[in-house]
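Student: A single structure is presented below for examination.
The values are calculated or read from the model by the stated rules, or taken from the named source; none is laboratory data. As the structure is a prediction and not an experimental result, all values here were calculated from the model. With ideal geometry, Cβ positions are generated from the backbone for all residues, glycine too; neighbour counts draw on all protein chains shown. Surface accessibility is based on the protein's heavy atoms, side chains included, excluding ligands, DNA and RNA. Shrake-Rupley method; radii C 1.70, N 1.55, O 1.52, S 1.80 Å.
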Amino acid sequence: MTKSERASYVLQRLGQLYPDPPVPLDHRDAYTLLVAVLLSAQCTDVRVNLITPKLWSLASTPETMAQVPVAEIEKVVKPCGLGPQKAKAIQKLSQILVEKHAGQVPADLALLEELPGVGHKTAQVVMAQSFGIPSFPVDTHIHRLAQRWKLTEGKNVMQTERDLKRLFPIGSWNKLHLQIIFYGREYCSARGCDGTVCEICTTLFPERKKALKTKKA
């Protein structure tokens, strides 16, 4: 198969397996999604979903969160890891949203990336899932699968993002990044598949016998 043929198969099969993938992080609006994605750095979505209800009971809007002492925020988010940094970022970005954006999360990638604790991937998730703006957030899991399926030779997530955006139609991006995440968790995990086990890997590369080594993002 050529790279474009592999991409077409991946798009078709994932569409069959996950026709309407949900956003894994529980949220109410753009602000709560932004905070939840920030908390998910180096933490599982399952744990974040256990923590955020406690955080929303403390404050669930930029206006109220900006008034909560960092120490109180940290007590709640500590189980997510990196508690001090995440707590400071949550309070500070909430203050900025109030002071500069009338308490609203901006539907602008560059403005989102200016917020404390908000990286490129986090900003793209919010753009895609809160505002429906075509984006292709790439994390280490998507990077790993894109390598296994030879959809990229990228050595980092930014190059992988560019390669995937060229391969797949823009209208598929917002759903596809979630479909890849769900497939990776269910069938093609780091330990569960080495490029020779799951359905997509064996369909794309039936002659592949040797386990693959994934380049670090």
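Student: Look at Glu99 and say whether it is of a type in the set (Asp, Glu) and either in contact with a Phe, Trp or Tyr (Cβ under 7 Å, 6 or more places away or on another chain) or within 30 Å of Glu5 (Cα to Cα) (or both).
Tutor: No.
Student: Between Thr160, Thr122, which is hydroxyl-bearing (Ser, Thr, Tyr) and either open to solvent by 10 Å² or more (accessible area, probe 1.4 Å) or free of Cβ contacts under 8 Å to residues at least 12 places away in the same chain (or both)?
Tutor: Within the list Thr160, Thr122, the selection yields Thr122.
Listed here are the residues, each with its yes/no results for (1) at pLDDT 95 or above; (2) open to solvent by 60 Å² or more (accessible area, probe 1.4 Å); (3) in contact with a strand residue (DSSP E or B) (Cβ under 6 Å, 6 or more places away or on another chain).
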position	(1), (2), (3)
Gln95	yes, no, no
Met127	yes, no, no
Phe131	yes, yes, no
Thr140	no, yes, no
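Student: Among the candidates Ala71, Ala102, single out the residue that is out of contact with any helix residue (DSSP H, G or I) (no Cβ under 8 Å at 6 or more places or on another chain), small (Gly, Ala, Ser), open to solvent by 20 Å² or more (accessible area, probe 1.4 Å) and modelled with pLDDT of 95 or more.
Tutor: That would be Ala102, the only listed residue that is out of contact with any helix residue (DSSP H, G or I) (no Cβ under 8 Å at 6 or more places or on another chain), small (Gly, Ala, Ser), open to solvent by 20 Å² or more (accessible area, probe 1.4 Å) and modelled with pLDDT of 95 or more.
Student: Hand me the list of helices (runs of 4 or more DSSP H) wholly inside segment 3-108 holding 2 or more residues that are of a type in the set (Lys, Arg) and in contact (Cβ under 8 Å) with a residue 40 or more places away in the chain.
Tutor: Helices (runs of 4 or more DSSP H) meeting the threshold: 3-17.
Student: Any residue in segment 187-203 that's at positive phi: show its pairings with residues that are surrounded by 15 or more Cβ atoms within 10 Å (Cβ to Cβ) and among the aliphatic types (A, V, I, L, M) at Cβ separation under 9 Å, as long as the two are six or more apart or on different chains.
Tutor: Once the first residue is at positive phi and sits in segment 187-203, its partners that are surrounded by 15 or more Cβ atoms within 10 Å (Cβ to Cβ) and among the aliphatic types (A, V, I, L, M) give Gly195/Leu212.
Student: Which one of these is among the small types (Gly, Ala, Ser) and open to solvent by less than 40 Å² (accessible area, probe 1.4 Å): Ala41, Ala66?
Tutor: Being among the small types (Gly, Ala, Ser) and open to solvent by less than 40 Å² (accessible area, probe 1.4 Å) holds for just one of Ala41, Ala66, which is Ala66.
Student: Restricting the search to segment 142-199, which residues are more than 18 Å from the chain's Cα centre (by Cα) and part of a helix (DSSP H, G or I)?
Tutor: Arg148, Arg166, Leu167, Glu199 - these are the residues of segment 142-199 that are more than 18 Å from the chain's Cα centre (by Cα) and part of a helix (DSSP H, G or I).
Student: Among (1) in contact (Cβ under 8 Å) with a residue 24 or more places away in the chain; (2) buried (at least 21 other Cβ atoms within 10 Å of the Cβ); (3) in a loop (DSSP other than H, G, I, E, B), where does Leu212 come up short?
Tutor: It fails just one condition, (2).
Student: Can you go through Val37, Val70, Val125, Val76 and tell me which one is among the aliphatic types (A, V, I, L, M) and in contact with a Pro (Cβ under 7 Å, 6 or more places away or on another chain)?
Tutor: When all the criteria are applied, what remains is Val125.
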